[in-house]
Amino acid sequence: MMKQFKNLGLMLLVALMAMPVVQAADDELIVYSGRSDKFVKPVIKAFTQESGIKVLLHSAKSTALLNKLKVEGERTQADLYLSNDAGNLQLGSDMGLFQPLPASVTDVIDPKLRAADGSWVGLSARARVLVANTGVDTHFVTSIFDLADPRLKDRIAVTHSGNGSFIAGVTVYMEAAGIEKTRNWLKGVKENAGGRTFDKHSKVVKAVASGKRSVGLVNHYYIYRHLDKKPDAPIKIIVPDQGEGEMGVAWNVAGIAMSKYSKRKAAAEKFVEYLVSKKGQQLFAEVNREYPARKGVAASAEIPPLEGIKVAPVAMSELGKQRNATIDLLEAVGMP
């Protein structure tokens with residue numbers, strides 16, 4: 001799996017490097033974006049209308065864009081790097097690809113949702129939850145670790161282990177519950193998945209809704225996207241590991257960093273300042289149903305209120321620092 005993961009990253013990088021160099025006007029910011037445009041453009045539109053500063057998105061996979069940023073070095077046109085995963089942000093920080101953001105920007109975000117040195121900041125958070133078919137008895141499923149229960153043989157749906165959210169979630173489990181418990185869990189998940197994994201979270205939800213699988217592991221917002229299209233779908237959300245003594249739900253954030261070689265630093269800072277403002281954070285909450293990273297900004301009324309959720313006590317920077325250890329564990333278990 002590790003070899004395939006590295007090969008995929010190499011192929012993506014080769015494809016990206018073959019693209020024409022992105023040029024921008026003096027008053028136009030370039031953002032290397034690993035997020036879907038539909039989640040970012042509404043915020044960009046509002047920022048441009050308010051500030052007059054244009055923003056050009058260069059969109060691709062977060063990992064490939066990070067590698068591109070590294071290869072380009074001081075020749076890069078990128079002013080900002082936007083990732084859907086804290087792990088990539090921390091890796092970029094460790095590689096020295098970013099410059100610190102001003103304290104006025106970082107201090108409004110929870111310290112666990114940003115880099116300790118101010119090199120990146122979280123913008124929106126998501127929870128790793130379980131989606132269950134309401135027509136099937138899953139009363140015994142309250143924890144992520146219940147996915148390894150023998151009663152769920154051939155009944156669970158998970159993404160492949162090269163999926164960024166899967167890797168990030170496993171890192172949280174290793175840090176919060178220990179490597180041996182996580183190793184045994186992965187073995188059980190591998191067995192219960194019956195040799196089949198999915199390449200998209202949306203397909204996991206669909207498999208559960210159709211009754212082909214009973215329980216799936218996904219980022220929370222995929223459940224609500226499915227219900228938007230099919231409001232009568234027989235599915236429900238299970239926020240796992242909420243009991244006394246349990247670790248809490250795994251968390252991850254999408255976030256942003258400023259390129260070390262940005263030639264438009266003042267404009268880049270204004271953009272990040274807008275993204276972490278109450279107005280910008282509210283836009284994120286409305287568009288993608290993630291949890292705002294800034295305290296005091298309400299999430300969408302459709303998703304479980306954050307105040308009632310126990311979150312695993314793992315700093316998001318660990319998702320980058322422990323990534324290699326996580327991939328080594330996945331390789332050792334032989335996760336598909």
Here are some residues: Ser202, Ser210, Ser259. Which one is at pLDDT 95 or above, over 21 Å from the mean Cα position of the chain (by Cα) and of a type in the set (Ser, Thr, Tyr)? Ser210
If I ask for residues that are on the phi < 0 side of the Ramachandran plot and acidic (Asp, Glu), which ones from the range 197-249 would you list? Asp199, Asp228, Asp232, Glu244, Glu246
Going by the structure shown, is Val218 under 29 Å from Asp94 (Cβ atoms), of a type in the set (Val, Ile, Thr) and in the same structural domain as Thr159 (by TED's automatic domain parsing)? yes
Selected residue [among the aliphatic types (A, V, I, L, M), more than 24 Å from Phe166 (Cα to Cα) and either touching a residue at least 40 places away in the same chain (Cβ under 8 Å) or touching a Gly at 6+ places or on another chain (Cβ under 9 Å) (or both)] from Leu91, Leu29: Leu29
For the range 258-271, name all the residues that are in contact with a helix residue (DSSP H, G or I) (Cβ under 7 Å, 6 or more places away or on another chain), buried (at least 23 other Cβ atoms within 10 Å of the Cβ) and closer than 17 Å to Phe47 by Cβ. Met258, Phe271
Say we look at the range 219-241 and pick out the residues that are among the basic types (Lys, Arg) and farther than 12 Å from Val208 by Cα; which of these is nearest to the chain's Cα centre (by Cα)? Arg225
Of everything in the range 58-86, what is of a type outside the set (Lys, Arg) and part of a loop (DSSP other than H, G, I, E, B)? Give them in sequence order. Ala60, Thr76, Gln77, Ala78, Asp79, Asn84, Asp85
Being of a type in the set (D, E, K, R) and either under 22 Å from Ala266 (Cβ atoms) or out of contact with any Gly (no Cβ under 8 Å at 6 or more places or on another chain) (or both) is the requirement here; does Asp137 meet it? yes
Would you confirm, using the coordinates I've provided, whether Ser300 is crowded, with 20+ Cβ neighbours inside 10 Å and either under 19 Å from the mean Cα position of the chain (by Cα) or outside the structural domain of Val170 (by TED's automatic domain parsing) (or both)? no
Residue list for the range 279-306, restricted to those being without any contact (Cβ under 8 Å) to a residue 24 or more places away in the chain and closer than 12 Å to Ile109 by Cβ: Gly296, Val297
Just need a number here: residues in the range 157-205 that are charged (D, E, K, R) and either surrounded by 22 or more Cβ atoms within 10 Å (Cβ to Cβ) or closer than 29 Å to Asp228 by Cβ (or both). 5
When every residue in the range 305-320 that is among the charged types (D, E, K, R) and either modelled with pLDDT of 95 or more or under 14 Å from Ser161 (Cβ atoms) (or both) is compared, the one nearest to the chain's Cα centre (by Cα) is Glu318
Can you name the residue in the range 200-219 that is outside any helix (DSSP H, G or I) and aliphatic (A, V, I, L, M) and, of all such residues, is nearest to Lys236 (Cα to Cα)? Val215
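The values are calculated or read from the model by the stated rules, or taken from the named source; none is laboratory data. Bear in mind that the values here come from a model prediction, so they are computed numbers and not experimental data. As a convention, Cβ positions derive from the backbone with ideal geometry for all residues, glycine included, and neighbour counts pool all protein chains shown.
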